[in-house]
Amino acid sequence: MGIMDYFKPVDTWAPDKVRQFLNEVSPQDYNLVDVRTPKEYEQGHLPGAQLIPVGELESRLKELDRTKPTITY
Amino acid sequence: MEGGIRAWNGLRAAGPLDAGMAYFEPAQKPEEMIALAWILEEGACKFYREMGKRHKDPDEAALFRELSDDEEKHKSSLFGIYRRRTGKEADPGFPRSLLSLESGVDYVEGGVVLNTALDWAQGQELKDILDFSISLELNAIDLYIKMERKVEGGEAKEIFQALSNQERNHLKRLTAGLQKDW
C-alpha cells in the first residue's frame, strides 16, 4: 500500500478546457469561484467569477449550488 | 483549474503541478488515520522549518518557525490520542508500520514527497510558498474535520476539533501573509 492509496485525486482541468466549458455552458449552470485575495481579484479575474477567499471558503460553502459543477482557481 | 489564474493568463504557472491535487479518502481505520495525520504533520513541520531557515527576513522566518513549532505540538497530540486508544504507552511501529509506507520518505498533504516540495520551493517567491502552505493547511483542516466525524469518544473528537481550529488559525495567518507587503 502506498501513500496515494490514502488520497483521492481531484479532477483538474487545463485552462483551454475551462475556456471551452465557459463558452459552451450557461453561467446559471455552474459555480465559478475565485479563491484568491480581494486585492488579486480586483486586479483581474475570470468573467463572472464569484470571490470567496480561501480563508472564508468553509463558512461560505452554502453560497454555492452543490448540484452544479464548481470550478475554482 | 490547473495552474490557477497565471495559467489562464498564459504565463508560466508556478507550483508543483505535476504532483496533482488530491484529497484525503476517509474510508480508513481510525488508527491508520491518526498515523497518517502524524506523518503529514511531520512533513509540514519539516517543510516550514526549512522555509524558516531559507527565508532571511526576520518576519518571514518567524512565521514559518512558529508554524513549524505548532505542527510539532500537533504530532504530540496525535500520538496522545493513539496511545489512549490502543493502551500502548510506546509503540516503535507508530506511525509507519500502520500504513506500510516506505521508510525514510517524508510526505506532505496530497501525498506529495517532502523532498519534491522542498526542491520546488528553491528560488520560489514568498507568495508561491505561501500559496503552497495554504494548500497544506486546507487539506489538514479537511482531514481533521473528517477524522472528528469518524472517531468515537468525546476526547478524541475534541482533540480533532482543536487541531482543525488550530489549522484554521494557520490558514488565517498565511492568507494575511499573502496580503501583507513584506
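Computed from the coordinates by the stated procedures, all read-outs in this text should not be read as laboratory data. Remember, predicted model here, so these are calculated numbers, not experimental data. Cβ: placed from backbone, ideal geometry, glycine included. Neighbour counts: every protein chain shown.
A few notes on this one:
- Of the cross-linked pairs B:Lys46/B:Lys146; A:Lys39/A:Lys62; B:Lys46/B:Lys150; A:Lys17/B:Lys73; B:Lys46/B:Lys157; A:Lys17/B:Lys46, those separated by over 31 Å at the C-alpha level are A:Lys17/B:Lys73; A:Lys17/B:Lys46.
- Note that the range B:56-66 has calculated 3J(HN,Hα) couplings of 7, 4, x, 5, 5, 4, 5, 4, 5, 5, 5 Hz, one per residue in order, obtained from phi through the Karplus relation 6.51 cos²θ - 1.76 cosθ + 1.60 (θ = phi - 60°); glycine and proline are x.
- Karplus-based coupling profile of the range A:45-54, in residue order and whole Hz: 8, 5, x, x, 5, 8, 8, 9, x, 3, with θ = phi - 60° in 6.51 cos²θ - 1.76 cosθ + 1.60 and x standing for Gly or Pro.
- Longest segment of chain A lacking trypsin sites (Lys or Arg not before Pro) that sit in a DSSP loop with at most 16 other Cβ atoms within 10 Å: A:1-59
- Residue-by-residue Karplus 3J(HN,Hα) for the range B:83-98, coefficients 6.51, -1.76, 1.60, Hz, glycine and proline x: 4, 5, 6, 9, x, 8, 6, 9, 8, x, x, 7, x, 5, 5, 5
- Of the GluC sites (Glu not before Pro) found in the range B:89-182, the ones in coil according to DSSP and having at most 12 other Cβ atoms within 10 Å of their Cβ are B:Glu89, B:Glu102, B:Glu125, B:Glu152.
- Helix A:15-24 and the longest principal axis of the Cα set of chain A meet at an angle near 50°.
- Across the protein assembly as shown, Cα-Cα pairs farther apart than 25 Å form 46% of the total.
- For the protein assembly as shown, adding -39500 (n - 2.57) for each run of n ≥ 4 DSSP H residues and dividing by the number of residues yields -18000 deg cm²/dmol at 222 nm.
- Taking 7 Å steps out from each Cα toward its Cβ at A:Thr67 and B:Lys157 produces label points 3.2 nm apart.
- Going from the residue with the fewest nearby Cβ atoms within 10 Å to the one with the most, A:Ile71, B:Ile81 rank A:Ile71, B:Ile81.
- Here chain B is treated as a Stokes sphere of Kirkwood radius computed over C-alpha pairs; at 25 °C and 0.890 mPa s its diffusion coefficient rounds to 144 µm²/s.
- Euclidean distance between Cα centres, the range B:154-177 to the range B:69-129, Å: 16
- For the protein assembly as shown, share of DSSP beta bridges that run antiparallel, in % to the nearest 5: 50
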